[in-house]
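The values are calculated or read from the model by the stated rules, or taken from the named source; none is laboratory data. Just so you know, these numbers come straight off a predicted model, no measurement behind them. When we count neighbours, we look across all protein chains shown, and the Cβ atoms used for this are built from the backbone with ideal geometry, even at glycine. Note: accessible area is taken over every heavy atom of the protein model, side chains too, but ligands, DNA and RNA are not part of it. Shrake-Rupley method; radii C 1.70, N 1.55, O 1.52, S 1.80 Å.
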Amino acid sequence: DQQVKQNSPSLSVQEGRISILNCDYTNSMFDYFLWYKKYPAEGPTFLISISSIKDKNEDGRFTVFLNKSAKHLSLHIVPSQPGDSAVYFCAARRKGFQKLVFGTGTRLLVSP
Amino acid sequence: EPEVTQTPSHQVTQMGQEVILRCVPISNHLYFYWYRQILGQKVEFLVSFYNNEISEKSEIFDDQFSVERPDGSNFTLKIRSTKLEDSAMYFCASSEESGVVDTQYFGPGTRLTVL
């Protein structure tokens with residue numbers, strides 16, 4: 001199931017700089033997108049979401065951008081902090097369904 | 001802040017044995033889910049549950065699996081006869097509703113090891 005892809009397995013950023021995590025999808029029926037953060041031995045923690053009727057959603061240091069024509073979304077973290085170091089998962093849901101389809105995750109490392 | 005809890009955190013079982021994984025969803029949530037993550041792979045949807053019945057399931061969720069809400073707080077996943085390939089992290093999730101802007105909140109997971 002390759003409907004949601006995160007092509008970068010890892011990303012290293014310095015503290016204070018911007019982190020940009022990318023996600024691509026193939027199913028045009030997806031109408032709701034979420035980003036989760038996951039630490040080892042813990043469950044995914046919800047970060048931010050966006051509906052397909054919007055192209056941007058912002059919550060504090062986190063902003064998600066959705067480009068429907070390119071079937072691409074990105075998560076921006078500004079400024080990045082060492083505590084942001086985790087695996088970030090993009091997930092998508094199709095209208096009328098409850099199932100979340102996850103990407104493979106990107107491991108973010110924020111160094112001091 | 002309310003959270004989803006799961007027990008046990010780690011379950012070791014012999015192949016062919018039955019296991020029951022338990023979850024307590026967030027109290028005012030109406031939709032409940034199970035996902036799993038095999039080591040090194042994606043998080044995969046298993047099943048969703050609403051109003052005491054399965055509302056959606058994946059092809060992974062075959063006759064070996066069942067879910068139940070035995071009382072007002074618990075939500076369980078039973079694997080009838082475990083296989084080696086059932087070894088994974090199992091995550092329970094819940095959501096308040098299932099509308100367009102619904103968000104699923106996950107528990108910490110149960111690591112299932114089948115020997």
Taking chain A, how many lysine pairs are there with alpha carbons less than 18 Å apart, if each pair must be eight or more places apart or span two chains? 12
In nm, spacing of pseudo-spin labels at A:Phe46 and A:Ser69 (7 Å Cα→C-beta vector): 3.2 nm
Which of the residues in segment B:71-115 lose at least 20 Å² of accessible area when you go from the chain alone to all protein chains together (probe 1.4 Å)? B:Phe91, B:Ser98, B:Val100, B:Val101, B:Asp102, B:Thr103, B:Gln104, B:Tyr105, B:Phe106, B:Pro108
Tell me, what are the semi-axes, in whole angstrom and largest first, of the equivalent ellipsoid of segment A:4-111 as set by the roots of 5 times the Cα gyration tensor eigenvalues? 22, 15, 12
Given a 1.4 Å probe, how much area per residue of segment A:4-111 is accessible, in Å²? 46 Å²
Tell me, what is the FRET efficiency for B:Glu59 and A:Val78 to the nearest 0.05, using R0 = 30 angstrom and their Cβ-Cβ distance as r? 0.15
Please list, by residue number, every one of the trypsin sites (Lys or Arg not before Pro) in segment B:1-94 that is coil in DSSP and has at most 14 other beta-carbon atoms within 10 Å. B:Arg80, B:Lys83
With a 1.4 angstrom probe the carbon and sulfur portion of accessible area for the protein assembly as shown, in percent, totals 48 percent
